[in-house]
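The values are calculated or read from the model by the stated rules, or taken from the named source; none is laboratory data. Predicted model only: the values in this text are computed from it and were never measured. As a convention, Cβ positions derive from the backbone with ideal geometry for all residues, glycine included, and neighbour counts pool all protein chains shown. We work out accessible area using only protein heavy atoms, side chains counted, and drop any ligands, DNA or RNA first. Shrake-Rupley method; radii C 1.70, N 1.55, O 1.52, S 1.80 Å.
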Amino acid sequence: MLLAALLLGLPVLPIELWLVKSLVDRVQAWTAQEPIGPILAAAAWLALLMAANNIALGVPVPMAQTRLNEIGTLEGQRIVLRKTGRLPLAAIESPAVQNLRERALQFSLYETFNIGAQLTQSFLRAAILLAIMLAYGGWIPAAAFCASAWLVSTVSGRSAESLEKLLRAQTPDRRLLAYYAGLMTGRDAAKEIRLFGLGGLLADRWSSLADRQSEETRKAVRSSELRKIGPELLLALVGGLLVALLVLLPGANKLSAGDFSVLFLSVTMLVSQLPGIIADGATLRRQSMKWEDFRAYTALEEEGELPDRDERPGGSEAVSLQGDSDIGRASGMLLQVRGLRFRYPGADGDSVNGVSLEIPHGCRAALVGENGSGKSTLVKLLAGLYTPSGGEVVWRRDAEGRQTCGRPGAADGSAVSAVFQDFAKLYVTLRENVALGKLSAIRNDPDMQAALLDAGSKLRDLDMQLGAPFGGLEPSGGEWQKIVTARALLRDADFVFFDEPTAALDPQAEKDAFELFMRVTAGRSALLVTHRLGAAKLADRLFVLKDGRITEQGTHDELMRLGGEYSRMFRMQALWYE
């Protein structure tokens, strides 16, 4: 609609100029003995056309621009957010990808279309005006105008490109500025900032970084404007000379007053709209560079995960197609890992190196190791959140050995659940928090209440708002733990990951959490990641991870008799309780 409205206004221009010519010629030829009616009629037609043009374009065009701005902004953000949700976790954590996403969000679908439409209209208007000049033999001013316009637009385009490259280079600093601002205004760091008096330090860092960016931008803009001084002076000189050239054109003395007025208006209109054309061209050039970032982000390789259970044909029962669901729940899942390797982008070595292990059906295993040994990385690999650099992960639903996933490294999304150390505390309703485990059950109050009860939660009002920042209840660390566990229970998965789930809990809450782990994983396969070896010894099988490798495996008694790494860590922890 916007483009159509802008283009429909183009035929008005030559009609207006023709009416101007007609009016001026009538005025020139008029004498006191002649009626003034024809002159007034020509003036009235000209005024009517101008009024109709202003009304026709002055009302719908701004309305269309406002609506397109809203739609374009939301659509661009929607595309980026959806793409982010499909990317592998390793890509989401990458600073390079975060910088690219920041730049992609700066691309504006609306501005690109709007500027493009305006440029199209401006070029067509300029073509009409140039055609009128050439029709009157004004090829010299037309050529001078085109040459100066090309020179100025070239310089402006290069200046716009250099400024956009600077903004690209400043992306990491802009992210850091936003981080500092979030620390100073957010709730999470408020206690430490006030207790240790960090507000001034963070404010100084923010100001220093902002001042540096401002100075870089100022220098770049100054350099850009200095480069444009010469071409812009030339354009101003040419604009002034073009009017003088009109009277020097061959055959200028044969032009009527109306002809000269049309030629004069054509020249002045061309000169007056040229700065706008050049500015729009520079803006479109910057948007094209932003489009490159937008396209690069949307072209990133996505995670090849299987769709969620509720999105497959057959609804919630589709998960049982790989085998008898009762057998799966009774015996859990079989997990086989062979030669698994993973290296973070830019790292010198593998974080997980040649890991091979097996967790049989219904086995509750524990993964232990010192901080930095690679435990959480391994869990993310097993859960399919990271793509392995090498090796394979195989999941099988039942004892007959039927495989449940289509690619190594990712289990059937409906058969696996997890409670992570850094689980998501969502400031939504309790119902929505728990229903993340199984969205199809969001209105199944009995199942959701049962999951909360089994998890040991005391909360029952499913529609209560959680999160103090939004006026809701702020659960304790232990209560959040139970909400997240209820989320995992609602999924009714055959394999459950517990990744350091008690790291932030007090001793009693920790004891309750381990008892809960043993209760909710009965009849399922599970992997508990913990550095609390007193709880790990309850597992059916133990794996010791050191420097990204499995160095020991067996039962608690077997590893204690072995006298290796596990025995050393267990005895060292036991000293704290003697």
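Which residue pairs have Cβ atoms closer than 9 Å, lie 6 or more positions apart in sequence or on different chains, and pair a first residue in the range 555-567 that is free of Cβ contacts under 8 Å to residues at least 12 places away in the same chain and of a type in the set (D, E, K, R) with a second residue that is open to solvent by less than 40 Å² (accessible area, probe 1.4 Å) and part of a helix (DSSP H, G or I)?
So the pair list comes out as Arg561/Ser567.
If the requirement is being at pLDDT below 85, of a type outside the set (A, V, I, L, M) and in contact with a Ser or Thr (Cβ under 9 Å, 6 or more places away or on another chain), which of these qualifies: Glu111, Glu102?
Glu111
Of all residues in the range 29-41, how many are modelled with pLDDT of 70 or more and surrounded by 13 or more Cβ atoms within 10 Å (Cβ to Cβ)?
Total meeting the criteria: 3.
Given the condition in contact with a helix residue (DSSP H, G or I) (Cβ under 6 Å, 6 or more places away or on another chain), modelled with pLDDT of 85 or more, β-branched (Val, Ile, Thr) and not in a helix (DSSP H, G or I), answer yes or no: does some residue in the range 432-444 qualify?
The answer is yes, given that some residue of the range 432-444 is in contact with a helix residue (DSSP H, G or I) (Cβ under 6 Å, 6 or more places away or on another chain), modelled with pLDDT of 85 or more, β-branched (Val, Ile, Thr) and not in a helix (DSSP H, G or I).
Among the listed residues Glu215, Glu232, identify the single one that is in a helix (DSSP H, G or I), of a type in the set (D, E, K, R) and at pLDDT 80 or above.
None of the other options fit; the residue is Glu215.
So in the range 362-412, with the set limited to residues that are among the aliphatic types (A, V, I, L, M) and over 21 Å from Ala522 (Cα atoms), which one is modelled with the lowest pLDDT?
Among those that are among the aliphatic types (A, V, I, L, M) and over 21 Å from Ala522 (Cα atoms), it is Ala410.
Take the residues in the range 353-375 that are aliphatic (A, V, I, L, M) and open to solvent by less than 10 Å² (accessible area, probe 1.4 Å), then tell me which one is nearest to Trp395 (Cα to Cα).
Here the residue is Ile359.
Which of the residues that make up the range 376-400 are within 17 Å of Phe498 (Cβ to Cβ) and open to solvent by 10 Å² or more (accessible area, probe 1.4 Å)?
Within the range 376-400, Ser376, Thr377, Lys380, Ala383, Leu385 meet the criteria.
Considering each residue of the range 78-95, count those that are assigned to a helix (DSSP H, G or I) and touching a residue at least 60 places away in the same chain (Cβ under 8 Å), and give that number.
So the count comes out to 8.
Which is farther than 30 Å from Val393 by Cα, modelled with pLDDT of 90 or more, part of a helix (DSSP H, G or I) and in contact with a helix residue (DSSP H, G or I) (Cβ under 9 Å, 6 or more places away or on another chain), of Asp259, Asp280, Asp204, Asp293?
Being farther than 30 Å from Val393 by Cα, modelled with pLDDT of 90 or more, part of a helix (DSSP H, G or I) and in contact with a helix residue (DSSP H, G or I) (Cβ under 9 Å, 6 or more places away or on another chain) holds for just one of Asp259, Asp280, Asp204, Asp293, which is Asp293.
In the range 542-553, how many residues are surrounded by fewer than 20 Cβ atoms within 10 Å (Cβ to Cβ) and over 14 Å from Phe570 (Cβ atoms)?
5
Among the residues of the range 149-177, write down those that are open to solvent by 60 Å² or more (accessible area, probe 1.4 Å) and closer than 20 Å to Leu198 by Cα.
Passing the criteria: Arg175, Leu176.
Among the helices (runs of 4 or more DSSP H) confined wholly to the range 461-569, which include 1 or more residues that are at pLDDT below 90 and hydrophobic (A, V, I, L, M, F, W, C)?
Correct list: 477-490, 507-520, 533-536.
Looking only at the range 532-577, count how many residues are touching a helix residue (DSSP H, G or I) at 6+ places or on another chain (Cβ under 7 Å) and acidic (Asp, Glu).
Selection size over the range 532-577: 1.
Examine the range 297-313 for a residue that is surrounded by 18 or more Cβ atoms within 10 Å (Cβ to Cβ), closer than 30 Å to Ile39 by Cβ and at pLDDT 70 or above, and state whether such a residue exists.
No: zero hits.
Of the conditions (1) part of a helix (DSSP H, G or I); (2) open to solvent by less than 50 Å² (accessible area, probe 1.4 Å); (3) touching a helix residue (DSSP H, G or I) at 6+ places or on another chain (Cβ under 7 Å), Arg101 clears all except one; give me its number.
Result: Arg101 passes all but (2).
Cβ-Cβ distance below 6 Å, separation of 6 or more or different chains: which pairs start in the range 210-223 with a residue that is touching a residue at least 12 places away in the same chain (Cβ under 8 Å) and end on one that is surrounded by 12 or more Cβ atoms within 10 Å (Cβ to Cβ)?
Gln213/Gln170; Gln213/Asp173; Ala220/Leu163; Ala220/Leu166
Answer with yes or no whether Leu74 is out of contact with any Cys (no Cβ under 7 Å at 6 or more places or on another chain), in a helix (DSSP H, G or I), under 17 Å from Gly281 (Cβ atoms) and open to solvent by 50 Å² or more (accessible area, probe 1.4 Å).
When the stated conditions are applied, Leu74 does not pass them.
In the range 417-460, what residues are of a type in the set (A, V, I, L, M, F, W, C) and open to solvent by less than 20 Å² (accessible area, probe 1.4 Å)?
Matches in the range 417-460: Val419, Leu430, Val434, Ala435, Ala441, Met448, Ala451, Leu452, Ala455.
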